[in-house]
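Here the structure is laid out as structure tokens; the discussion comes afterwards.
The values are calculated or read from the model by the stated rules, or taken from the named source; none is laboratory data. Given the structure is predicted, the values throughout are model-derived calculations rather than measurements. Positions of Cβ are backbone-derived with ideal geometry, glycine not excepted, and every protein chain shown enters the neighbour counts. For accessibility, only protein heavy atoms count, side chains too; no ligands or nucleic acids. Shrake-Rupley method; radii C 1.70, N 1.55, O 1.52, S 1.80 Å.
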Amino acid sequence: MSGCLHNRSQHEQAAGSYPVQNLAPGAKWIKNLTQDRLGQFTGGHFGDVNLSSVLFTHRHDDAHYVSLQVWSAPGLTKPTFSEAMQQKFRPAKKGDSFGPSWTNHWWKVSVKIPSYWTQYERVQFEFDPGCEAMIFTTDGTPLQGITGGYGGDRRVEYIIPKSAVKDGKHEFVIESSCNGMFGVPWNGDTIAPPDMNRFFRLASADLVVPNQEAWRLLWDFHTLKEIVQTLPGNTSLQNKALVAANEIMNVFDSGDLSSISAARKVAEGVFGEGWDKKGDKVYEEGAAQSQIWGIGHCHIDTAWLWPYRVTQQKVARSWSTQIDLMERYPEHRFAASSAQQYKWLEQQYPSLFERIKDKVHSGQFYPIGGSWVENDSNMPSGEALARQFIFGQRFFESRFGKRCETAWLPDSFGYTGAFPQLMRLAGMKYFFTQKLSWNNINVFPHSTFNWVGIDGTQVLCHMTPVDTYTAQATVGDVQKGVTNNKNLESNDLALLVFGNGDGGGGPLNKMLENLRRIRAAANESRELPSVSMGRSVDDFFEAVENKTNHGSKLPTWHGELYFEFHRGTYTSHGSIKKGNRKSEILLRDVELVTTLASLLQPKKGKYVYPKAKIDESWEKVLLNQFHDVLPGSSIGMVYEDAEKLYAEVKKDGKDLIEEAFDSLFHKSYPLSLEESLPSAAGASGNIVAFNPTFLPRRDVMKVPLAGSGGTKLRGKVVQSSKNGSVGYALMEGLSGAGIGYSRGLFADCMPATAVTTQSGDVILRNSSVQLTICHGRITSLRDVQLGRELIPAGQTGGMVIFDDRPGYWDAWDVEIHHLETRRPLEFCNVRVVSDGPLRASIEAEVLTGKSTVKVTISLDAVTATTRPESRSLLRFDAKVDWYERHKFIKFEVPLNIHNDFATYETQFGWVQRPTHKNTTWDAAKFEVCGHKFADLSEYGYGVAILSESKYGFACEGNVLRISLLRAATAPDAEQDQGQHEFSWAVMPHEGHFLQSDVPQAAYLFNSPLHLRYVPETSMEALAVIGTPPFVIENAQNVMLETVKRGEADSFDPAVKSTTTIVLRLYEALGGHAHAHLRISSAFSVAKAYITNLLEDNGDELNIIRADDSDDPDVLVMLDFHGFEIKTVKLVLGAAQPYLVEQSPKRESWISIDKTRFFG
């Protein structure tokens, strides 16, 4: 009987059945200890026996195998390859140090390769200078970038071509630059100011043979480890990956290289059998529709912790590296923005640019974004944002034969509500960003949504749920694309934008290897999202559009995308803000005046529109609008460069205007306090002014009376300064873009006075407004006409200062708690310096810490605009010696006005923000961006603050503020230290903002007249623009912003082309308008078109002409909806019949009474 049982037990066990007896201890594991064990497989204390010990088969660094010669470029010069090769090189060796910071060093490298190394899969040269470098062929073709050091962006290997290994020798050139990927911060903190004297050591210059199978095991293990660390602990795949990783550690034996293949076989239990041999074909298996779409990217800040010239090198290093990866990983697709960076590459690395063109045409390298740089979108003007797209799209189309379809701004600090319309007008309907994931108060509620701008235009927006544009292509990144997706109910697709960035670099091969393994694991298990490769960003958006029925299933966000972070950037580096605003206005004036000069041709065809020079200036301004330059968040070296660019734009702009004026008004002379009238100007003449706006105006202008030429002007002014060096002339220009003349006081002028009372109060007054300063503060602001006091009892206005100590991002942030440290500052040494009648002024000082603010407050005898109900504005001109640290100075005025919202100008319109803190969304907007005005209004009345170079504003309850200066110390230790000059104005107005003239007044405040002296003998020259070239009639809410020549016009006499004028207009108040655009008969308009920003012809417009010669002007009717932007192209040539009809006449149409328009 027992024998039978024994035999039966043996039979059952032989058949693989469940054993009867169990003498083993059991397979129970301690999971957390096993997870902890995974960290021992590479590097660390066990590096001599774990996988790290077998990653390289051979390594040589002695002079027999590696020969190095170096030439160090002098100073901070950046010679080209050909320039460097002409220099005398000296011997160098591994271990040498070189520097200091920002210098460039060129290396000639020659290696001898042992003949038996041909048996190995790969031979490479390992070069680690501790900084950035680039490898060239001996004929100067860039091959790839090098990133030294031991960070996550390390790339120090250069693969030696197989042919060179076979030949046994290889020569190449390296340029190394003494800066890290993030510059050279002096104390290791990323945003610390740079250490200008850092030296770097050449840590490696070795000829090596990597064990490629060991490296593949390393990548296997890392992916398994990421799965273990990312997926929930109770999932099958997480446990399966942990078992496999643990088994790999058991199988691997550093003394037995065959164990590497055995260990890799274990990994196939997770990745699938034979997955590695499939290469990029692994993406063709598994899920038909992947949730995660991978796209390589390399965010290169055009300047930040390094200057522009270093960025030029970063671009070449990063993009050449991507071409190298594309040759080895066919699935790799790479998107790169910023036409400026492409242009630098074309100019400085032409052979690399040609290789990139090939990759663009093969569909592997994608230009994206359609803009000149990844610009700030808060502070550039509407026209500047338009030019970002115009210059960007035209460059991409001219070089690559196509325009971009996706706008791309992943790192800018908030997004204006004007953007959707501008993007669509530039040919883009998609928008990618992620920056709002940085919000420090509220979580933005959407990942994929329809973004609707202030005018109602929408774009399809994707804010990747991965929350970064520098993903490392980890399992965690891929998983986050699903778990953090806020719109899975309507769209489950997410874009994985991976690659090292900010300082460049881009994707590394380990990222591409990891993604292959993640896809392989997803092909075997549904617990991991499937990631796809090999398609473009445009493909991704098209898939989203189709999946969501053209966006109809998506949520919608209306208005600006306000960034709840980096609010201090509206104020940091005030001189850069001023340079931007002044340059934008100057270029607008340049284009207007040169357009008129080129077409009116008083010199009989000798003047040629200087388009190339204008474009060059625009490119400089657009470059400085990069999202770390204009916001003031770069190192000091960047601002040295930026200031030079603004100085060049100013000089060139003034020269271009002077050349155009010389053509229009021959033998006239500019008048300004910087340019006194020369004695040769003629015995008699007149002061005239060119109005660069299309608004009627009256302005009090300063006229230089010093010097011998000044005597001619004394009789032309209404008022003189006490020392007689400056006169004040009243200029009237009732037509836009026309001539204004010097007049005496009009009957409707309101003589201004400034007096000091017996009690010591100082009062500025005219019959429009009155301001009182008492005990150093503004205690009263009155509307004299209405007898209304605008400052509540017990409150005062003036300058205030705050402690400014943000959490980390010094130049970027101002935090809400700074408002708790408010300290009012008093005006002192207040005195009357001008008592009218044309201009009354007082001077005062504000002393705080080590700083002094000298303020001149002026009141003129005229109103802000020529509208009958307009009020005078109070102008504040400040000269500041600023030497504070971590302080924030502002100007404020408390108002006897209540509204839950204040109004701020934005690009091509306005936006309202709350004055209260009902919700955290309201409280987050404690500091906001505005352009030329901020306004607080209620029914019947309001007050605005106008700005000519400041962008930071706030309205806290009834207190309206403008931000003036900050004093951060990182990344620029000397930010804003020194002297500043800027202006602002306080403008009361009758009626609510929407009924007021605030937009027009702010426009004029930012657009000074061009003052000139015209000798009597040249006065007839003014007739050339005796009538305004363009007038907007019947629509006070429509502004004519830009007049320029067409982009397609040729200015080469040998090339025939159409002659066009391009106008850009917009509706400024948020309502409809039926505008009459009157065009001077000086222009023979043959046709007129509505175009997009890129000036592609759209609908042809009807041109209405008079039948007789009494009024030879023509009209074009333009219908606007709220905040709509229109670009009109006028084609000049032979006049067409009276009415050009675009389409067959409808039955509902009626006959036009021409006298209604021309009578």
- Take region 1083-1130 and flag every residue that is in contact (Cβ under 8 Å) with a residue 24 or more places away in the chain and open to solvent by 60 Å² or more (accessible area, probe 1.4 Å). Lys1087, Asn1097, Asp1099, Asp1107, Asp1110, Pro1112, Asp1119, His1121
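Can you tell which of Gln87, Gln69 is modelled with pLDDT of 95 or more, closer than 21 Å to Val208 by Cβ and either polar (S, T, N, Q) or in a helix (DSSP H, G or I) (or both)? Step through it out loud before you land on a result.
Working: Gln87 fails: closer than 21 Å to Val208 by Cβ.
After ruling out the rest, the residue left standing is Gln69.
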- Selection from region 454-491 of residues in a loop (DSSP other than H, G, I, E, B), open to solvent by 10 Å² or more (accessible area, probe 1.4 Å) and among the small types (Gly, Ala, Ser) yields Gly456, Ser490
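Can you tell me which residues in region 219-238 are surrounded by fewer than 17 Cβ atoms within 10 Å (Cβ to Cβ) and touching a residue at least 60 places away in the same chain (Cβ under 8 Å)?
Restricting attention to region 219-238, the residues satisfying the condition of being surrounded by fewer than 17 Cβ atoms within 10 Å (Cβ to Cβ) are 229, 232-236.
If the condition is that a residue be surrounded by fewer than 17 Cβ atoms within 10 Å (Cβ to Cβ) and touching a residue at least 60 places away in the same chain (Cβ under 8 Å), then Gln229, Gly233, Thr235, Ser236 are the ones that fit.
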- Task: Considering each residue of region 886-905, count those that are open to solvent by 40 Å² or more (accessible area, probe 1.4 Å) and among the hydrophobic types (A, V, I, L, M, F, W, C), and give that number.
- Result: 1
- Query: Of all residues in region 44-62, which are open to solvent by 50 Å² or more (accessible area, probe 1.4 Å) and part of a loop (DSSP other than H, G, I, E, B)?
  - Reply: Asp48, Val49, Asp61, Asp62
- Condition met for Asn250 (in a loop (DSSP other than H, G, I, E, B), open to solvent by 50 Å² or more (accessible area, probe 1.4 Å), out of contact with any strand residue (DSSP E or B) (no Cβ under 8 Å at 6 or more places or on another chain) and of a type outside the set (Lys, Arg)): no
- Considering only residues that are buried (at least 23 other Cβ atoms within 10 Å of the Cβ) and small (Gly, Ala, Ser), look in region 972-1022 and name the one that is farthest from Leu671 (Cα to Cα). Ser996
- Message: Can you tell me which of (1) surrounded by 19 or more Cβ atoms within 10 Å (Cβ to Cβ); (2) at negative phi; (3) assigned to a loop (DSSP other than H, G, I, E, B) is the one Thr969 doesn't meet?
- Response: (1)
- From the set of residues in region 114-138 that are part of a loop (DSSP other than H, G, I, E, B) and more than 13 Å from Ala203 (Cα to Cα), which is most open to solvent (accessible area, probe 1.4 Å)? Glu121
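The rows are residues; the columns are (1) small (Gly, Ala, Ser); (2) modelled with pLDDT of 95 or more; (3) farther than 30 Å from Glu405 by Cα.
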residue: Thr1059; (1), (2), (3): no, yes, no
residue: Tyr1089; (1), (2), (3): no, yes, no
residue: Asp1099; (1), (2), (3): no, yes, no
residue: Ile1103; (1), (2), (3): no, yes, yes
residue: Leu1115; (1), (2), (3): no, yes, yes
residue: Lys1126; (1), (2), (3): no, yes, no
residue: Val1131; (1), (2), (3): no, yes, no
residue: Ser1151; (1), (2), (3): yes, no, yes
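I want to confirm something. Restricting to region 32-43 and keeping residues that are part of a helix (DSSP H, G or I) and of a type in the set (A, V, I, L, M, F, W, C), which single residue is farthest from Gly255 (Cα to Cα)? Quick ask: steps written out before the conclusion?
Narrowing region 32-43 to residues part of a helix (DSSP H, G or I): 32-40.
Pick out the ones that are also of a type in the set (A, V, I, L, M, F, W, C) and you get 33, 38.
Details: Leu33: 25, Leu38: 20 Å.
Across region 32-43, the extreme among qualifying residues is Leu33.
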- Taking Glu648, is it open to solvent by 40 Å² or more (accessible area, probe 1.4 Å), touching a residue at least 24 places away in the same chain (Cβ under 8 Å), over 30 Å from Ser1084 (Cβ atoms) and not assigned by the TED database to the domain that holds Thr1042? yes
- Any idea which of (1) closer than 14 Å to Leu508 by Cβ; (2) touching a helix residue (DSSP H, G or I) at 6+ places or on another chain (Cβ under 9 Å) is the one Glu331 doesn't satisfy? (1)
- Inside region 946-955, can you point out the residues that are within 15 Å of Asn899 (Cβ to Cβ) and in contact with a Leu (Cβ under 7 Å, 6 or more places away or on another chain)? Cys955
- Message: Just the residues that are open to solvent by 10 Å² or more (accessible area, probe 1.4 Å) and touching a strand residue (DSSP E or B) at 6+ places or on another chain (Cβ under 7 Å), please, taken from region 318-336.
- Response: Asp324, Arg333
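Restricting to region 756-775, name every residue that is open to solvent by 40 Å² or more (accessible area, probe 1.4 Å) and assigned to a loop (DSSP other than H, G, I, E, B). Can you show your working first?
Looking only at region 756-775, we keep the residues that are open to solvent by 40 Å² or more (accessible area, probe 1.4 Å), and these are 756-760, 765, 767, 775.
Of everything in region 756-775, those that are open to solvent by 40 Å² or more (accessible area, probe 1.4 Å) and assigned to a loop (DSSP other than H, G, I, E, B) turn out to be Thr757, Gln758, Ser759, Gly760, Ser767, His775.
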- Residues Gly740, Gly727: which one is in contact with a Ser or Thr (Cβ under 6 Å, 6 or more places away or on another chain) and assigned to a strand (DSSP E or B)? Gly727
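Would you point out the residue of region 162-212, among those that are open to solvent by 50 Å² or more (accessible area, probe 1.4 Å) and outside any loop (DSSP other than H, G, I, E, B), that is nearest to Gly75 (Cα to Cα)? Break it down stepwise before answering.
Initially, region 162-212 is screened for residues open to solvent by 50 Å² or more (accessible area, probe 1.4 Å), giving 162-163, 166-167, 169, 171, 182, 186-190, 196-199, 201.
Adding the requirement that they be outside any loop (DSSP other than H, G, I, E, B) leaves 162-163, 166-167, 169, 171, 201.
Details: Lys162: 38, Ser163: 38, Lys166: 40, Asp167: 39, Lys169: 34, Glu171: 27, Arg201: 19 Å.
Ranking the qualifying residues of region 162-212, first place goes to Arg201.
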